[in-house]
Amino acid sequence: MWDPVTCMMTVCLLQEKSNPQSYYRKYIQALPDDFSHFPIFYTEKDANLLNDTSAVFEFTALTERILSDY
């Protein structure tokens, strides 16, 4: 569930993104457009490649934390 602060920040960011004169334009343009490389969006096949590595623990913890927040 989204909290009010996250919702407000999301709306403000989208509003600023649509404004060509935005003070924050350069920052917003620096944000990624593609999030497929973020672990939360890994396919099961990709996530399984992390098995038997120390990264699997970080991946699992991060994924669980994000899912519990949202």
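The values are calculated or read from the model by the stated rules, or taken from the named source; none is laboratory data. Computed from a predicted model, the values in this text were never measured in an experiment. Glycine gets a Cβ as well: all are built from the backbone with ideal geometry, and neighbour counts include every protein chain shown. Protein only, heavy atoms only, side chains kept; ligands, DNA and RNA dropped before computing areas. Shrake-Rupley method; radii C 1.70, N 1.55, O 1.52, S 1.80 Å.
Among residues of the stretch 3-31 being open to solvent by less than 90 Å² (accessible area, probe 1.4 Å) and touching an Asp or Glu at 6+ places or on another chain (Cβ under 7 Å), the one that is nearest to ASP69 (Cα to Cα) is ILE28. The numbered conditions (1) over 15 Å from the mean Cα position of the chain (by Cα); (2) surrounded by fewer than 10 Cβ atoms within 10 Å (Cβ to Cβ) are all true for ASP34 except (1).
Of everything in the stretch 39-70 that's assigned to a loop (DSSP other than H, G, I, E, B) and either loosely packed, with under 13 Cβ neighbours inside 10 Å or under 17 Å from the mean Cα position of the chain (by Cα) (or both), which residue is modelled with the lowest pLDDT?
Once the filter is applied, the top-ranked residue is TYR70.
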